[in-house]
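See below for the structure under consideration.
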Amino acid sequence: MSVMKKTKQKKYTKKYKICVIGAGHVGLVAAACFAELGHKVICVDKDKKRIVELKKKIIPFYEPDLEPLVVKGLKSKGLVFSSSLPEAIKKSQVIFIAVGTPPKADGSADLTAIGNVAHVIAKNLNSYKLIVGKSTVPVWTGKKIKETIHRYKNNSNDFDVASNPEFLREGKAIYDFFYPDRIVIGVESERAQEMLKDIYASVKAPIIVTDINTAELIKHASNSFLATKISFINAVSKVCDLAGADVEKIALAMGLDKRIGKDFLQAGIGYGGFCFPKDVEAFAYISKKLGYDFGLLKEVKAINEKQWFSYVEKVKEHLWIVKGKKIAILGLSFKPDTDDMRFAPSVDIVKAFIKEGAKLCLCDPQSLGEARKEFPASGGKKNKVKFTKDPYEAVKGADCLCLLTEWGEFKELDLKKVKKLMNYPLIADGRNMFDRDKVRQIGFGYIGMGK
Ligand code: UDX
């Protein structure tokens, strides 16, 4: 709520008719926030069910502060939802493309949806339009969009293509939209530059203006660098395990050096989500295609994949026989404040314990719906996977508490109560969330990541 209150302040006078294509995490957040800035927004998605639900104010995923913005936009008519792309294009001056770019088996980004959208834009270019890429895409995608529109348009109407990559984090997306560290604008004309600057006029942030290729690369480079920081500290955590040192103190001391910075130095079971894993791969793929073998990124990925595996190995070593043991899994989403389990390390860890024959109780404040789809529990005696929102219920009779996502509510747990409920007091802290010494004093065995 606080984010919205702060944004009420200034509204820029120049308003645009904006079409946002894609009502996923990036598109829906952008659409609701553009409306909040005072623009007239049509958010389109080919998923008709999603559009019907959005019209009824049903938000398709969990994102704090998004629902009130959507409700407000619908009420003021600054935000409308539609499943007719041609109509939305015709009515708009600026078109933001925020469709999915999922990973293909070879690691490259699947740009089919972007290609299809470019084709529809070409066929419905009824006046000058600015077409802006917001999805994370490999370099040269803007160039391809431009070529496609030139190829298929059937009139002399002019257009510009631009890139405006999105840096929002799931769970903090609304805040990130209104208070970004920077706004990146990749353009080819003064007109496009001015329009994009107008659109963001009331958002106070440095604006970096570049060509389109550079803007596209900024996104891949930023996400890959953040993933590199995480894999670096995770590799250090392995050395700490072997040397008997504390990775948390190392990260703290390293982070105080301003040149390094304290963020993204949290060791754990590795990064997940729909951005880092796919962007690291896609950046390595496009670099190779262009003629540069980005070996560093392959190592970043390899370190990340080893993290969850070594976590499972540590738990196995402590429990000795895993078959038949009860394991409480606390946290399934790839990070707190989201219900997203895509590419979450928890998925690999849960699968590994199921394979070992453990009895699992999965607990998460938001992701149980996703978890039920991912791990359908069979009934009767075979029922080895249970689900609960209540962490105390999850740990009842457990031989190990596996902390996989550092949700606020798990930080607040009454650990003395937890110990009484467990069959054997062991905490495997995949996010280094608990105070190791305190936990040991209470009487738990403690497994950390590099501490
Ligand atoms: C990321 C980028 O931060 C964002 O700018 C971009 O637009 C999309 O990708 P997001 O995927 O929402 O955002 O999550 P983020 O908060 O960056 O975390 C990514 C993963 O890294 C999570 O699994 C998190 O647990 C992990 N992580 C993060 C660590 O393991 N250690 C850290 O120090 C930081």
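Side notes on the structure shown:
- Arranged from fewest to most other beta-carbon atoms within 10 Å of their beta carbon, 429, 47 become 47, 429.
- Distance (nanometres) between label positions extended 7 Å along Cα→Cβ at residue 409 and residue 377: 1.6
- Gyration tensor (alpha-carbon) shape descriptor, region 3-210, a/c threshold 1.5: rounded
- Shape of region 61-144, Cα gyration tensor, a/c cut at 1.5: oblate
- Of the trypsin sites (Lys or Arg not before Pro) in region 287-394, those whose Cβ has at most 10 other Cβ within 10 Å and which sit in DSSP loop: 323
- Evaluated with a Cβ-only charge set (Lys, Arg +1; Asp, Glu -1), the chain carries a dipole of roughly 1140 debye about its Cα centre, given to the nearest 20.
- Fraction of antiparallel bridges per DSSP, the chain only, in percent to nearest 5: 5
- Virtual spin-label span in nm between residue 314 and residue 154, 7 Å along Cα→Cβ: 6.3
- Of the chymotrypsin sites (Phe, Trp or Tyr not before Pro) found in region 310-359, the ones in coil according to DSSP and having at most 11 other Cβ atoms within 10 Å of their Cβ are 320.
- Counting DSSP beta bridges with both ends in region 87-210, the antiparallel % (nearest 5): 15
- Footprinting exposure proxy ranking of 89, 354, fewest other C-beta atoms within 10 angstrom first, gives 354, 89.
- Tensor-based shape of the chain (alpha-carbon gyration tensor, a/c under 1.5 rounded, otherwise prolate or oblate): prolate
- Likely footprinting exposure, 181, 160, 110, fewest C-beta neighbours within 10 Å first: 181, 110, 160
- Spin-label pair residue 143/residue 84, simplified geometry with 7 Å Cα→Cβ offset, distance in nm: 3.7
- Across the chain, C-alpha contacts under 8 Å between residues 6 or more apart give a mean separation that, scaled by the residue count, equals a relative contact order of 12 percent.
The numbers here are math on the coordinates, done by the rules we state, and not lab data. Every value quoted in this text rests on a predicted model; they were computed, and no experiment measured them. Positions of Cβ are backbone-derived with ideal geometry, glycine not excepted, and every protein chain shown enters the neighbour counts.
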